Amino acid sequence: MIVQKKRIAVIFGGKSSEHEISRISASYVISKIPTDKYEVLTIGITKKGKWMLYTGSTQAISDGSWEDDKNNKTAFITPDASVAGLAVITEGGCKIIKLDVIFPVLHGKNGEDGTIQGLFELSGIPYVGCGVLASADCMDKVVANIMLEQCGIDQAKFTWFYSSDYQKSPDKYIEQTEQALLKYPVFVKPANAGSSVGISKASNREELQKAIETAMKEDSKILIEENIVGKEVECAVLGNDDPMASIPGEIAPASEFYDYDAKYNNAASELFIPARISDELIYKLRVTALKAYRALGCTGLSRVDFFVTDEGRVLLNEINTLPGFTSISMYPKLMAACDIEGTDLIERLIEFAYERSEKNV
Ligand SMILES: Nc1ncnc2c1ncn2[C@@H]1O[C@H](COP(=O)(O)OP(=O)(O)O)[C@@H](O)[C@H]1O
Ligand SMILES: [Mg+2]
């Protein structure tokens, strides 16, 4: 019996400050999709937001040269559910390619924030990962913090304001911050950050003002948190309405905090799997990861990041709905530590996409 292959579209790149990381993540994901079961289409989105169907090598996706491929064709997922596929612009007009499932390997704005998920919903095509609301809520660190606070999950003290309000009366918001957080240093973040872009640590009022200016370049909403001293521990979660939480892993950043450079360029950042914390804390962290995942309505996958202090506090930092999938990324490593590896992991993610669309979980 010949089994019809399913057609999967992997989307990479994107109009996001994490465009480059997405390309590397996508190459990893593509290399793990079993080609005996799936016909893989690759759709690249440039930094300017142009969509193209790309048919060349995976290597050119990671190094960025895919954009110059002569065979690229303008193509996009159509929102028309009766089409349920990709519209490819050809010389003679437009060709439709039906799709069975979509794997968006996009990080940050426009890919991890619910926007593209809205398009997938309209198209009626099952897709890997979180839906519109969970993606949007987790992407906005202020919204996520408020929701986590509401369900009693421990996290850093925080305050927030709109950039436009700050510009009108900066002193008022500096004072609000100092009153809410009580002491320096503090962490200043654009509400919609990713890969540490626009995030800085401020040790006094002057630095705070500078840090706010930096964050305002990235977003119209600013989050300020107390500085937490502790280990950075991450937990990978997989599944829909009955998810599993992985063995947690620890990152020991090479620089003062886990900034963009430490994340992607500095090999001196070390990973420890399992994290160097007690079994009791590991248990607490896994339970909290699952609670947060369900509270925010995540599906498919997410990586839940924590701080663990020497006093044994487990504080949730953030939830990444489309975590990095490079060969050095924590999510695939944590799943591998739970014996869910490579192709098995990718297939499970695809299965969860189908389950979500069929059962409406
Ligand atoms: N409240 C905090 N206290 C101490 N360190 C922090 C705090 N918030 C963020 N950091 C440091 O900054 C890094 C990036 O912040 P994070 O909120 O995770 O943003 P991103 O979405 O860019 O990963 C963290 O991995 C951590 O090293
Ligand atoms: Mg982070």
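Put simply, the convex hull of the Cα atoms in the stretch 158-226 casts, on average, a shadow of 3.7 nm².
Which angle between 0 and 90 degrees, to the nearest 10, do you get for helix 205-216 versus the longest principal axis of the chain when only C-alpha atoms count? On a 0 to 90 degree scale, this one is about 20.
Shown is the FRET efficiency for Ser327 and Glu213, computed with R0 = 45 Å from the Cβ-Cβ distance and rounded to the nearest 0.05: 0.80. The stretch between Val287 and Val229, if pulled fully straight at 0.36 nm per residue, gains 18.7 nm over its current Cα-Cα span. Under the classification rounded if a/c is under 1.5, otherwise prolate if a/b is larger than b/c and oblate if not, where does the chain fall, given a ≥ b ≥ c as square roots of the Cα gyration tensor eigenvalues? The shape class here is prolate.
Among beta bridges identified by DSSP and lying wholly in the chain, the antiparallel ones come to about 80 percent.
Evaluating 6.51 cos²θ - 1.76 cosθ + 1.60 at θ = phi - 60° for every residue in the stretch 179-189, the Karplus couplings come out as 5, 6, 9, 6, 8, 8, x, 10, 10, 10, 9 Hz, glycine and proline recorded as x.
Can you tell me the relative contact order of the chain? Whole percent, Cα pairs under 8 Å, sequence separation 6 or more. This gives 17 percent for the chain. Residues of the stretch 292-330 falling in the label zone of Asp344, defined by backbone nitrogen less than 20 Å from a point 7 Å along Cα to beta-carbon, are 300-303, 325-330. Using the Cα gyration tensor of the stretch 6-127, with a ≥ b ≥ c the square roots of its eigenvalues, what is the shape: rounded (a/c below 1.5), prolate (a/b larger than b/c) or oblate (neither)? Note, shape of the stretch 6-127 comes out rounded. Working note: 222 nm ellipticity from helices only, DSSP H runs with n ≥ 4, each -39,500 (n - 2.57), summed and divided by the residues of the chain, gives -10500 deg cm²/dmol to the nearest 500.
When the Gaussian network model of the chain links Cα atoms closer than 10 Å, the mean-square fluctuations of Cys235, Cys151, Cys130 top out at Cys151.
Quick one: compute the contact order of the stretch 1-153, relative version, from alpha carbon pairs under 8 angstrom and 6+ residues apart, as a percent. Reported as a whole number, the value is 23 percent.
Here Lys37 is the anchor, and the lysines within straight C-alpha reach of less than 19 Å, apart from those fewer than 8 places off in the same chain, are Lys5, Lys6, Lys98. Per-residue extension of 0.36 nm, minus the Cα-Cα distance of Ile146 and Ser169, leaves a gain of 5.9 nm for this segment. Spin-label model, Leu182/Ser82: points 7 Å from Cα along the beta carbon direction are separated by 6.3 nm. Fully extending the segment from Tyr162 to Ala337 would add 58.9 nm, taking 0.36 nm per residue of separation and subtracting the current Cα-Cα distance. The separation of the stretch 303-361 from the stretch 114-193, counted between C-alpha centres, amounts to 21 Å. Expressed per residue, the C-alpha convex hull volume of the stretch 204-250 stands at 141 Å³. For the stretch 112-243, compute Rh as the Kirkwood radius over C-alpha pairs and then the Stokes-Einstein diffusion coefficient at 4 °C and 1.567 mPa s; write the answer in µm²/s, rounded to an integer. Answer, rounded: 80 µm²/s. When the Cα positions of Thr58, Ile43, Val29 are compared along the charge dipole of the stretch 21-73, Ile43 comes out farthest toward the positive end, with charges on each C-beta of Lys, Arg, Asp and Glu. Between Glu256 and Ser31, the simple spin-label model (points 7 angstrom out along Cα→Cβ) gives 3.5 nm. The dipole here belongs to the chain: it is taken about the Cα centre, uses +1 on the Cβ of Lys and Arg and -1 on the Cβ of Asp and Glu, and is about 800 debye. When all protein chains stay in place and ligands, DNA and RNA are ignored, the 1.4 Å accessible-area order of Phe187, Phe120, largest first, is Phe187, Phe120. In this calculation the C-beta distance from Leu271 to Thr55 is compared with R0 = 35 Å, giving a FRET efficiency of 0.50. Between Asp154 and Thr90, the FRET efficiency estimated from the beta carbon spacing at R0 = 41 angstrom works out to 0.15. Highest GNM mean-square fluctuation among Asp241, Asp100, Asp310, for the chain modelled with Cα contacts below 10 Å: Asp310. In order along the stretch 136-147, the phi-based Karplus estimate (6.51 cos²θ - 1.76 cosθ + 1.60, θ = phi - 60°) of 3J(HN,Hα) comes to 5, 5, 6, 5, 8, 4, 6, 4, 4, 4, 5, 5 Hz; Gly and Pro are listed as x. Loop-resident trypsin sites (Lys or Arg not before Pro) (DSSP state other than H, G, I, E or B) in the stretch 1-38 with no more than 12 further Cβ atoms inside 10 Å of their Cβ are absent.
The values are calculated or read from the model by the stated rules, or taken from the named source; none is laboratory data. Note that the structure is predicted; figures quoted are calculated from it, not measured. Backbone-built Cβ (ideal geometry, glycine too); neighbour counts: all protein chains shown. Areas reflect the complete protein model, heavy atoms only, side chains present, ligands, DNA and RNA absent. Shrake-Rupley method; radii C 1.70, N 1.55, O 1.52, S 1.80 Å.
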